[in-house]
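Presented below is the structure to which this report refers.
Only the coordinates and a few stated rules stand behind these numbers; no lab work does. Keep in mind that this is a model prediction, so the values were computed, not measured. Cβ atoms come from the backbone with ideal geometry, glycine included; neighbour counts cover every protein chain shown.
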Amino acid sequence: KRPFALGQWMKEGRNYGKRPTLGNLSMFADAFRRWWTTSQPKWRGTSENAWPLRRDGGDETWQDLAKGGPNGLFMFLIPLVWWN
């Protein structure tokens, strides 16, 4: 499940010039990490508590994250811009 602020931003028309209110930054960070972690390929260790994630998958692929378009991997970058 994506962070609440990201969902709201999407519902409000994805205005790239307007940053949403993130609320409690620690809670936003936790929500983002859970979302990122559970969106990973299974071989990376997708438990919410698995951190840091595995980097070497041997013969495994990144196909689960190889998504293009406005709802693809790009969606994970947007909240990182809001963080600063």
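Some notes on this structure:
- Mean sequence separation of contacting Cα pairs (under 8 Å, at least six apart), scaled by the length of the range 10-84, corresponds to a relative contact order of 21 percent.
- Each of THR38, ALA5, TRP51 was scored by the projection of its Cα onto the charge dipole of the chain, and the greatest displacement toward the positive side belongs to ALA5; charges sit on the C-beta of Lys, Arg, Asp and Glu.
- Reach of LYS42 by Cα under 22 Å, taken over lysines that are not fewer than 8 positions away in the same chain: LYS1, LYS67
- Shown is the FRET efficiency for ARG14 and ASP59, computed with R0 = 41 Å from the Cβ-Cβ distance and rounded to the nearest 0.05: 0.65.
- Using alpha carbons only: equivalent-ellipsoid semi-axes of the chain, gyration tensor based, whole Å: 25, 16, 9
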